[in-house]
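> Could you have a look at this structure, given as structure tokens, before my questions?
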Amino acid sequence: MEKVEKIRIYRNKSQPLKGKVKISGAKNAVLPAIAASLLTKEKIKLTNIPLVKDVFTILTLMKELGADYGLKRNSLSIQTKNITSDEASYELVSAMRASILVLGPLLARSGKAAVALPGGCAIGSRPIDLHIHALEKLGATISLEHGYIKAEAEELRGTEIEFEKKTVGGTENSLMAASLAQGETVLKNCALEPEVSNLCQLLVKMGAKIDGIGRETIRVRGVEELGGATHEIIPDRIEAGTFLVAGALSNGDIQLTNVNPQHLETVIERLRYSGAKIEVKNKSLRVVGSPKIKSQDITTSPYPGFPTDMQAQFIVLMTQASGTSIITETIFDRRFSHVNELLRLGANIEVRGDKAIVRGKTPLSGAEIIATDLRASASLILAGLIASGETIINEVEHLDRGYEKIEEKLSSLGACIERIKE
Ligand code: EPZ
């Protein structure tokens, strides 16, 4: 029987995490940036790349589409001289929903695309109707055949698109398609996430004409063609937030380098409210935990609100707060799969619809648990760091999708954590 990888965390006494950790580049910025390289025949160089599973997945997809690439440590050089296929297979899309991000660029570059309809995943149904509506408004003919989104467009024409709700991927797909459309496109109610702005900055370096970067209304004047560029991927604000919670949770003292504190304002504000001390410097943050953690209510919302990708991690912190905290998840319809696993460690959490009612402070004790999605797996690691005894986390492939060397980073801060094969 093939051995499976697990993560084992052991804690026999209180072990505050102390030391310095370098945050990696943002997974959710590098994926659209790699997709954007389809928009030109020229070479795109990306630095500060996180070496995470999703990057290797999208590079596999890019190769299938005709791209050549070279990866040297955390720098990527990628070029698609010719599109040799316009199909993103079900196998790759089901491995990573973000594969849908090649739809817009493929359509703009070669006039047609076939992308497998992404299935649901552990955090809800995750439709792509807003992507399709936007691309149809740009002139694409889109149909659903045998589980594939088939899109064709002789020519994309600029238009006005208003998203009925904020969508990071929908905004990104539309920006990429509009960059090569005829005429001007006005995108309204755009997602404001820093990863969207980082994509816009890359597109502008490639020659796109974009006004309103970082705002809800973005104007894109289409150009004939786009060229090569070199671009740095922004630091991963969710990885940084995860380590800030680790410091607050373990009454530790951690310095984070290679971060952009402006991307974490709401998370910093909530952590300070919980009692943690956070020092902000230009590209670094320092978190000093407090033995007393205050409970608080949190509602996730689109950027700059409290990020849904930090909800699971924050729930773990609130299990150690004295009092009741109500965590409301407004972005995804089923993003509490980590709760059942936390209950097995001794947490007191009740899920009612879009709310998780956390009653603390509850001591946690280690057990064997299962990760279900990327950020849930991070929350289980955080729980294991403070649970007494041994915690074994199964299905760590979810974790590897978005965190680069997390157990090495945590070990360097004093955690007893290792990857085992059983
Ligand atoms: C991006 O997903 C991120 N992924 C997610 O991070 C993040 O949680 C999410 O944005 C929200 O911030 C990447 O950037 C690769 P959305 P995305 O379109 O683009 C609904 C992680 O852990 N919706 O902003 O898929 C959707 O169901 C991942 O790194 C539609 O209804 O998210 C959700 O309820 C998890 N129709 C809401 O909008 C659509 O066409 C926000 O989704 C598209 C989305």
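> Grab the beta carbon distance between LYS81 and GLU145, set R0 = 22 Å, and tell me the FRET efficiency rounded to 0.05.
Numbers: r = 29 Å, r/R0 = 1.31.
Computed FRET efficiency for LYS81 and GLU145: 0.15.
> Let me ask you something else. Run the dipole for the chain about the Cα centre, Lys and Arg Cβ at +1, Asp and Glu Cβ at -1, nothing else charged, and hand back the magnitude in debye, nearest 20.
Working: 54 positive and 51 negative charges, 331 e Å.
Computed about the Cα centre, the dipole is about 1580 debye.
> Can you give the accessible area of VAL280 in Å² (nearest 10), computed on protein heavy atoms with a 1.4 Å probe?
So the heavy atoms of VAL280 present about 80 Å² to solvent.
> Moving to a separate point now. Which GluC sites (Glu not before Pro) in region 1-63 pass both tests, a DSSP loop state and at most 12 other beta-carbon atoms within 10 Å? Let's see the in-between values first.
Values: sites: GLU2, GLU5, GLU42; in loops: GLU2, GLU42.
Qualifying residues, ordered by number: GLU2.
> For region 272-332, what is the accessible area per residue in Å² when the probe is 1.4 Å?
Numbers: 2470 Å² over 61 residues.
Accessible surface, normalised per residue, equals 40 Å².
> Something else about it: Over the chain, what percent of the accessible surface lies on carbon and sulfur atoms, probe 1.4 Å?
Numbers: 8120 of 17030 Å².
Here carbon and sulfur together make up 48 percent of the probe-accessible area.
> Let me know the charge dipole size of region 303-367 about its Cα centre in debye, to the nearest 20, where only the beta-carbon of Lys, Arg (+1) and Asp, Glu (-1) is charged. Could the numbers behind the result be given before it?
On the way: 7 positive and 6 negative charges, 42 e Å.
With Lys and Arg at +1 and Asp and Glu at -1, about 200 debye.
> Now, a different point. With charges set only on the Cβ (+1 for Lys and Arg, -1 for Asp and Glu), what does the dipole of region 27-232 come to about its Cα centre, in debye to the nearest 20? Walk me through the numbers on the way to the answer.
Details: 24 positive and 25 negative charges, 130 e Å.
That gives region 27-232 a dipole magnitude of about 620 debye.
> Is it possible to state the helix-based mean residue ellipticity at 222 nm for the chain, with each DSSP H run of 4+ residues giving -39500 (n - 2.57), the sum divided by total residues, to the nearest 500 deg cm²/dmol? What is it?
Details: 14 runs with 134 residues, N = 422.
Rounded to the nearest 500, the figure is -9000 deg cm²/dmol.
> Say R0 is 22 Å: what FRET efficiency, to the nearest 0.05, do ILE420 and LYS20 get from their beta-carbon distance? Present the calculation step by step, with values, prior to reporting the outcome.
Numbers: r = 26 Å, r/R0 = 1.19.
The pair ILE420/LYS20 has a calculated efficiency of 0.25.
> Further question on the same structure: I want to check the label-to-label distance for GLN182 and GLU408. Put each point 7 Å from Cα in the C-beta direction and report it in nm to one decimal.
5.2 nm
> Give me the accessible area of ASP297, 1.4 Å probe, in Å² rounded to the nearest 10.
The accessible area of ASP297 comes to roughly 90 Å².
> I need the calculated FRET efficiency for the pair MET1 and GLU397, taking r as the beta carbon distance and R₀ as 22 Å, to the nearest 0.05. Walk me through the numbers before you get to the answer.
Values: r = 17 Å, r/R0 = 0.77.
Efficiency, rounded to the nearest 0.05: 0.80.
> Could you tell me which of VAL186, VAL168, HIS231 has its Cα farthest along the dipole of region 27-232 towards the positive end, charges placed at Cβ (Lys, Arg +1; Asp, Glu -1), taken about the Cα centre?
The residue sitting most towards the positive pole is HIS231.
> Determine which residues of region 310-349 fall in the zone a paramagnetic label at LYS292 would reach in this model, i.e. backbone nitrogen under 18 Å from the point 7 Å along Cα→Cβ.
318-325, by backbone N distance to the label point.
> Putting +1 on Lys and Arg Cβ atoms and -1 on Asp and Glu Cβ atoms, find which of PHE332, GLY275, PRO302 reaches farthest to the positive end of the dipole of region 251-409.
GLY275
> By how many nm would the segment from THR60 to ASN348 lengthen if fully extended, with 0.36 nm per residue of separation less the alpha-carbon distance?
Details: separation 288, 0.36 × 288 = 103.68 nm, distance 4.20 nm.
So the chain would gain 99.5 nm between THR60 and ASN348.
> 5 Å is the cut-off here: which amide hydrogens, built 1.01 Å from N in the peptide plane, fall below it relative to GLN182, excluding neighbours closer than 5 in sequence?
Answer set, sorted by chain and number: LEU156, ARG157, GLY158.
> In square angstrom, rounded to the nearest 10, how much accessible surface does PHE332 have for a 1.4 Å probe?
Rounded to the nearest 10, that gives 50 Å².
> Taking 0.36 nm per residue of sequence separation and subtracting the Cα-Cα distance, how much length would be gained by fully extending the chain between LYS41 and SER94, in nm to one decimal?
Working: separation 53, 0.36 × 53 = 19.08 nm, distance 2.76 nm.
Contour length minus the Cα-Cα distance gives 16.3 nm.
> Counting only trypsin sites (Lys or Arg not before Pro) that sit in a DSSP loop (anything but H, G, I, E, B) with at most 13 other Cβ atoms within 10 Å, what is the longest stretch of the chain containing none of them? Walk me through the intermediate numbers first.
Details: sites that count: LYS3, LYS13, ARG73, LYS81, LYS165, ARG215, LYS281, LYS283, LYS292.
Maximal segment without exposed cleavage sites: 293-422.
> GluC sites (Glu not before Pro) within region 145-205: which are DSSP loop residues with at most 16 other Cβ atoms inside 10 Å?
On the way: sites: GLU145, GLU152, GLU154, GLU155, GLU160, GLU162, GLU164, GLU172, GLU184, GLU195; in loops: GLU154, GLU155, GLU164.
Here the sparse-neighbourhood loop sites are GLU154, GLU155, GLU164.
> Okay, next question. Taking the dipole about the Cα centre of the chain, with the C-beta of Lys and Arg at +1 and of Asp and Glu at -1, give me whichever of SER94, ALA134, ALA240 is farthest to the positive side.
So the residue furthest toward the plus end is ALA240.
> Here's another thing I want to ask about it. On average, how much accessible surface per residue is there in region 27-232, in Å², for a 1.4 Å probe, leaving out ligands, DNA and RNA? Walk me through the numbers before you get to the answer.
Numbers: 8320 Å² over 206 residues.
Ligands and nucleic acids excluded, the figure is 40 Å² per residue.
The values are calculated or read from the model by the stated rules, or taken from the named source; none is laboratory data. Predicted model, so just to flag it, every value in this text is computed and none were measured. When we count neighbours, we look across all protein chains shown, and the Cβ atoms used for this are built from the backbone with ideal geometry, even at glycine. Protein only, heavy atoms only, side chains kept; ligands, DNA and RNA dropped before computing areas. Shrake-Rupley method; radii C 1.70, N 1.55, O 1.52, S 1.80 Å.
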